[in-house]
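The values are calculated or read from the model by the stated rules, or taken from the named source; none is laboratory data. Not measured: the values here are computed from a predicted model. Here the Cβ is made from the backbone with ideal geometry for all residues, glycine too, and neighbour counts use every protein chain on show.
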């Protein structure tokens, strides 16, 4: 059998996060090749190129798409740029892995999803929960009916990310080949504040683990649109209620995580960034597991490659990204307009 050609990747937005995750994942995958990197800062780009050794570098993403014979792109630019770049890549016949949030508007997200389907291309959204092993385990328990009917979900996350908003010095021990830019401090680029930055993961976890759609959304924020603290509540299609407490300027020394999925027959409780998970059922011994205890789940790049090869479905397909965007968009509208927002029904 003829050996399959490696999948040629380009990266648009070769910055701090991409250098820590997506670019190494491409470099380390036997079925992928890092063909091109693109970012506007020439000095930072050359530093990244020295470290990762792509075949070519560009400061103009449009030139990269024109000049290189790519199969797929990773888009890790500020959120306001995701729509234009993703659409151009899809129109060029490329598979796409786009960072969260997928876009800043649900209409744009739906348009991208339709464009990918029309062309038979894979469009994945880099939301964390679909690539976390403990979320796969929890989703399996829900699908098996072991929680019963989902009644309530509560997500509690506090941390301090003020440095990425330009409001605190950068930590001296911050990992990465290049430092982060401060696009999050500009709502025109970021689309919001801390909920826009970390909130997509929390919304994703509620929707992905339960398999339920959100129907109505209400949100309060300390400041709109550059929130640091937000409380988001939404109903799910079965009548369950979900709440998210998001604090991005906590003075507590470590990140705090406590998530609860409550069903009619059992409860899942997730604690800490080790994601120590306890499954409780009446008259049964608790079941305990953590992320490190479970078989590894392919990351976004590996899962995209498997999907392109026809070996797997996408863990975080565009439809999931669209619905997360719908909830996020409604949250900011709700906070700005002081009202509850009804979401569209499933297409």
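Is it true that some residue in region 173-192 is touching a strand residue (DSSP E or B) at 6+ places or on another chain (Cβ under 6 Å) and assigned to a helix (DSSP H, G or I)? No; the residues of region 173-192 include none that is touching a strand residue (DSSP E or B) at 6+ places or on another chain (Cβ under 6 Å) and assigned to a helix (DSSP H, G or I).
Which is assigned to a loop (DSSP other than H, G, I, E, B) and within 30 Å of residue 112 (Cα to Cα), of 310, 321?
Numbers: 321 fails: assigned to a loop (DSSP other than H, G, I, E, B).
Within the list 310, 321, the selection yields 310.
You will find that of 267, 254, the residue that is more than 27 Å from residue 340 (Cα to Cα), more than 21 Å from the chain's Cα centre (by Cα) and at pLDDT below 95 is 254 and no other.
Listed residues 210, 216, 158; which is surrounded by fewer than 18 Cβ atoms within 10 Å (Cβ to Cβ), touching a residue at least 60 places away in the same chain (Cβ under 8 Å) and in contact with a strand residue (DSSP E or B) (Cβ under 6 Å, 6 or more places away or on another chain)? Show your work before the answer.
Working: 210 fails: surrounded by fewer than 18 Cβ atoms within 10 Å (Cβ to Cβ); 158 fails: surrounded by fewer than 18 Cβ atoms within 10 Å (Cβ to Cβ).
Sole residue among the options that is surrounded by fewer than 18 Cβ atoms within 10 Å (Cβ to Cβ), touching a residue at least 60 places away in the same chain (Cβ under 8 Å) and in contact with a strand residue (DSSP E or B) (Cβ under 6 Å, 6 or more places away or on another chain): 216.
Just one of the listed residues (225, 179) is more than 22 Å from residue 342 (Cβ to Cβ) and in contact (Cβ under 8 Å) with a residue 24 or more places away in the chain, and it is 179.
Any residue that is more than 18 Å from residue 136 (Cβ to Cβ), in contact with a strand residue (DSSP E or B) (Cβ under 7 Å, 6 or more places away or on another chain) and either in contact (Cβ under 8 Å) with a residue 60 or more places away in the chain or in a loop (DSSP other than H, G, I, E, B) (or both) - is there at least one of those in region 288-301? Taking every residue of region 288-301 in turn, none turns out to be more than 18 Å from residue 136 (Cβ to Cβ), in contact with a strand residue (DSSP E or B) (Cβ under 7 Å, 6 or more places away or on another chain) and either in contact (Cβ under 8 Å) with a residue 60 or more places away in the chain or in a loop (DSSP other than H, G, I, E, B) (or both). Taking strands (runs of 3 or more DSSP E) as the structural unit, those lying wholly within region 194-286 and holding at least 3 residues that are closer than 26 Å to residue 184 by Cα and assigned by TED's automatic domain parsing to the domain that holds residue 156 correspond to 214-221, 229-236, 241-247, 256-263.
Got at least one residue in region 144-152 being modelled with pLDDT of 95 or more, touching a helix residue (DSSP H, G or I) at 6+ places or on another chain (Cβ under 8 Å) and in a loop (DSSP other than H, G, I, E, B)? Within region 144-152, one or more residues are modelled with pLDDT of 95 or more, touching a helix residue (DSSP H, G or I) at 6+ places or on another chain (Cβ under 8 Å) and in a loop (DSSP other than H, G, I, E, B).
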